[in-house]
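Please treat every number below as a calculation from the coordinates, not as lab data. This structure is a prediction, so every number in the text was calculated from the model and none was measured. All Cβ positions, glycine included, derive from the backbone under ideal geometry; neighbour counts span all protein chains shown.
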Amino acid sequence: MSDKAGLASGDFRCCAQLLEAFSDGIAHFDSDGAVVAHNAAFRRLVPEGETARLLTALKPGGWLSPAEAIHFPCSSRILELRLSRAEGSDGVLCFARDVTQEATLEDRLRHSEYLYKTFVDSSLDFVFLKDASLRYLLCNEAYRKFLGAREDDILGKTDQELMEPATAAACRESDLRVLETREAVVREENARGNAYLVAKFPVRLKDGTVGVGAYIHDISAMRKAERQAKELASQVRKEKKRLELIVNNTIDEI
């Protein structure tokens, strides 16, 4: 064997050892989907009985694009699979990585986000969060209906872009008070003919800045009931005086 051939053979063995020791699974499939070679990690991640099912996922009609990545449940694991064209061959290289922990955390995060959104959207009160520039970061369904806009048309905008000037100015005033004092503000505000009990409070955001969170309850019905109660009480007092006057006059006549 020539020195050149011996060197090439040594390089091949070195590459083979590196691939065999690689923590991610690597397999070479020919154009028909037959396994040409695979390393120890691939054999560990993909048991022999799962190869056919894996091929169905990788080649639903034709090989997946190298830009694509799919999650493949295999035994008790979740694998991320990616393909790359094999140089000098019609086949492909398949890279398999165990992402079970990551996928589980992602699922939990998505579920947590779903529960939070469902909970907030179920509230009849207005709920929102603004950043330090008083641009909306989130808002619930009740508040979206109040603004008459979709979530995508609200997030990233300020009250000045979404409300009539007087209402926007009142909202901004209480927002700025929260940012300046770093304390909660609870007060009554009027907007569009309704009365609202507004509770705003500082919220520490991920980037270290402070935003403004709010829960706003419509108290229009309560205020209306209070006015009606006052009016009724006034009428009762007037009626009482009228009756007293009638009784007194009757006694005098007797």
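Dipole orientation for the chain: of the candidates Pro60, Thr250, Cys74, Thr250 has the Cα lying most toward the positive pole (charges on Cβ; Lys, Arg +1; Asp, Glu -1).
Please give the charge dipole size of the chain, origin at the Cα centre, charges +1 on K and R Cβ atoms and -1 on D and E Cβ atoms. Round to the nearest 20 debye.
Using only the charged Cβ atoms, the result is roughly 840 debye.
Applying 1/(1 + (r/R0)^6) with R0 = 35 Å to the Cβ-Cβ distance of Leu138 and Ser65 gives a FRET efficiency near 0.50.
Once the piece of chain linking Asp32 and Glu231 is laid out straight, how much longer is it, given 0.36 nm per residue of separation minus the C-alpha distance between them? Spell out each step's value before the answer.
Numbers: separation 199, 0.36 × 199 = 71.64 nm, distance 8.72 nm.
Value of the extension gain: 62.9 nm.
With K and R counted +1 and D and E -1, the other residues having a Cβ less than 10 Å from that of Gly156 yield a net charge of -2.
In plain terms, if you count all Cα to Cα distances in segment 45-191 and split them into 10 Å steps from zero, the share in each step is 9, 25, 18, 14, 16, 12, 5, 0 percent.
222 nm [θ] for the chain, helices only, -39500 (n - 2.57) per DSSP H run of 4+, per residue, to 500?
-15000 deg cm²/dmol
Please find the FRET efficiency linking Met222 to Leu129, where r is the Cβ-Cβ separation and R0 is fixed at 25 Å, and quote it to the nearest 0.05.
Numbers: r = 26 Å, r/R0 = 1.03.
After rounding, the FRET efficiency stands at 0.45.
Taking other C-beta atoms within 10 angstrom as a stand-in for reagent exposure, Tyr215, Tyr114, Tyr196 fall in the order Tyr114, Tyr215, Tyr196, fewest first. Each of Ser84, Val198, Ser133 was scored by the projection of its Cα onto the charge dipole of the chain, and the greatest displacement toward the positive side belongs to Val198; charges sit on the C-beta of Lys, Arg, Asp and Glu.
I need Leu64, Leu176, Leu232 ordered by Cβ neighbour count within 10 Å, fewest first.
Leu232, Leu176, Leu64
Scanning the chain for GluC sites (Glu not before Pro) in DSSP loops with at most 15 neighbouring Cβ atoms within 10 Å leaves 88-182 as the longest stretch between them.
The Cβ shell under 14 Å around Ser122 holds other residues with a net charge of 0, Lys and Arg each +1, Asp and Glu each -1.
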